[in-house]
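Nothing in this text is a laboratory measurement; each read-out follows from the coordinates by a stated rule. Model, not experiment: these values are computed from the prediction.
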Amino acid sequence: MRSAKAAAGQVTYASAADAMSLAVSGVGGTLSVNLSAAIQGLSTDVPDSGALRVVADDRTSLALTVSDGGAVTLGVDADGDGKVDGTIPTNWAELR
């Protein structure tokens, strides 16, 4: 992911359609990260919009949605059926 100046003073951390795969020890497989909306904001410290999804090999996933003021909602699909089983409200500072 990157941080770059965007139009109208926006800072873009990552662009929509960016993707990566990570092999993480202790996870037992690969994690795929896909952005569905650019993570961006007016500050280099806290984004105010964006969305990404992390999917494990067993299809379990975590969706991260950023909104105004760095508020973040995590949507957890614990059984891999593609449906959110629960949400966790948090903020960008807590995740950094």
*Rounded to the nearest Å, what's the spacing between the alpha carbon centres of region 49-96 and region 27-47? Just the number, please.*
10 Å
*Taking the alpha-carbon set of the chain, what are its Rg and Dmax in Å?*
13.8, 42
_Contact order normalised by length for the chain, with contacts defined as Cα pairs under 8 Å and 6 or more residues apart; what percent is it?_
17 percent
